[in-house]
Amino acid sequence: MTEILVVANRTLGGEKLLDLVRSRAQTVQDVSFRLVVPQTKPTAGLVIYDEAVRESAQIRVDLALTRAAQEGMRASGEVGDADPFLATMDAIAIRRPDEVIVSTHPVTQSGWLRRDLIERIHNASGLPVEHVVTDLDREGLPFGVTLVIASKTSSGEELIERLRAKAAQDERPRLFIAVVPLQDGSGDAPREARARLAAMLDKLQGAGLLASGMTGDPDPYTAAVNALELFRVDDVVISTLPNQRSGWLRSNLIGRVQHATSAEVEHVVVDVDEASTGMASTAA
């Protein structure tokens, strides 16, 4: 079996990379792909929890592998070191691939190219390295991306139906990235947030939607801004409880997130019974 190692982060999903991988899948007999996504280094000065950085890379892995499976490709993947050279060489040492494909931004935007990543990988490994340049500012992505911020209402039928309708309206495939902020003041907050996220993803995937997600900062505004830094999105959907039951609405979360991004921000109200949330209505 021929194994091809694919190294990409923010440019993962670019049309040129997808076309190259499809071409290899069609022309190389008995081929499998191994995806490595180095962890994203946030913009200088922006504080993002290490866990959020790692989870954002895992989302890219999960969505890419799901897409590969839909196209009948054999693929596996992992999150790698924040240093793309170390991430690549670690994978090469373990996997022994036959070829490496590296996807980057154009040279004027790529920190990887400024560090001579392509030449260093080739010199250190002796493997053929193909370089794909993806200019997302000019080319865009061949699919839409919706960021969904929700907590207590994350599995509400109104939200799931709105996301299903959004996917149906788009001629392109649409990806959904869910962020469930942790709740303050509880030692069980991480477990509760992950349970809500898992239930939400089950519903989205059960509705036939391509979705992955992560937990976020307890402050929903910070969780949203962090996600907007880590992902390139077309629009944002924020789901809350109604009116004064929602701490998010009382803090003007919708307006603050809209001010922080040029993407469209949509508000979905879900009237969840307080008893079903498992905690007092001080958020969402």
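The values are calculated or read from the model by the stated rules, or taken from the named source; none is laboratory data. Just so you know, these numbers come straight off a predicted model, no measurement behind them. Ideal geometry is used to build each Cβ from the backbone, glycine not excepted, and the neighbour counts take in all protein chains shown.
General observations
- When residues of region 262-273 are limited to those that are surrounded by fewer than 16 Cβ atoms within 10 Å (Cβ to Cβ) and more than 12 Å from residue 237 (Cβ to Cβ), the one farthest from the chain's Cα centre (by Cα): 273
- Filter result for residue 231 (in contact with a Gly (Cβ under 8 Å, 6 or more places away or on another chain), crowded, with 16+ Cβ neighbours inside 10 Å and at pLDDT below 95): no
- Answer residue from region 104-122, given it is of a type in the set (Val, Ile, Thr) and either touching a strand residue (DSSP E or B) at 6+ places or on another chain (Cβ under 7 Å) or at positive phi (or both) and is surrounded by the fewest Cβ atoms within 10 Å (Cβ to Cβ) among those: 118
- From the list 64, 87, 68, the lone residue that is aliphatic (A, V, I, L, M), farther than 29 Å from residue 181 by Cβ and modelled with pLDDT of 90 or more is 68.
- Residue that is surrounded by the most Cβ atoms within 10 Å (Cβ to Cβ), among those in region 184-223 that are closer than 28 Å to residue 68 by Cβ and among the charged types (D, E, K, R): 196
- Candidate set from region 158-172 (those that are buried (at least 16 other Cβ atoms within 10 Å of the Cβ) and in contact (Cβ under 8 Å) with a residue 60 or more places away in the chain); member that is farthest from residue 247 (Cα to Cα): 166
- Residue match in region 137-149 (condition: surrounded by 14 or more Cβ atoms within 10 Å (Cβ to Cβ), at pLDDT below 95 and farther than 30 Å from residue 221 by Cα): no
- Test set (1) surrounded by fewer than 18 Cβ atoms within 10 Å (Cβ to Cβ); (2) more than 29 Å from residue 97 (Cα to Cα); (3) hydroxyl-bearing (Ser, Thr, Tyr) - residue 125 fails condition number: (2)
- Considering only residues in region 92-103 that are assigned to a strand (DSSP E or B) and not hydrophobic (A, V, I, L, M, F, W, C), the one that is surrounded by the fewest Cβ atoms within 10 Å (Cβ to Cβ) turns out to be 99.
- Counted residues, region 70-95 - those being under 25 Å from residue 144 (Cβ atoms) and within 17 Å of the chain's Cα centre (by Cα): 2
- Number of residues in region 1-21 that are within 15 Å of residue 76 (Cα to Cα) and surrounded by fewer than 15 Cβ atoms within 10 Å (Cβ to Cβ) equals 2.
- Residue that is modelled with the lowest pLDDT, among those in region 203-224 that are part of a helix (DSSP H, G or I) and over 14 Å from the mean Cα position of the chain (by Cα): 222
- Within region 107-134, residues that are among the charged types (D, E, K, R) have Cβ atoms under 6 Å from residues that are crowded, with 17+ Cβ neighbours inside 10 Å and not in a helix (DSSP H, G or I) in these pairs: 130/101, counting only partners at least 6 apart in sequence or on another chain.
- Filter result for residue 256 (surrounded by fewer than 21 Cβ atoms within 10 Å (Cβ to Cβ), modelled with pLDDT of 95 or more and of a type in the set (Lys, Arg)): yes
- Residue 202 meets all of the listed conditions (1) assigned by TED's automatic domain parsing to the domain that holds residue 253; (2) in contact (Cβ under 8 Å) with a residue 24 or more places away in the chain but one, namely (2).
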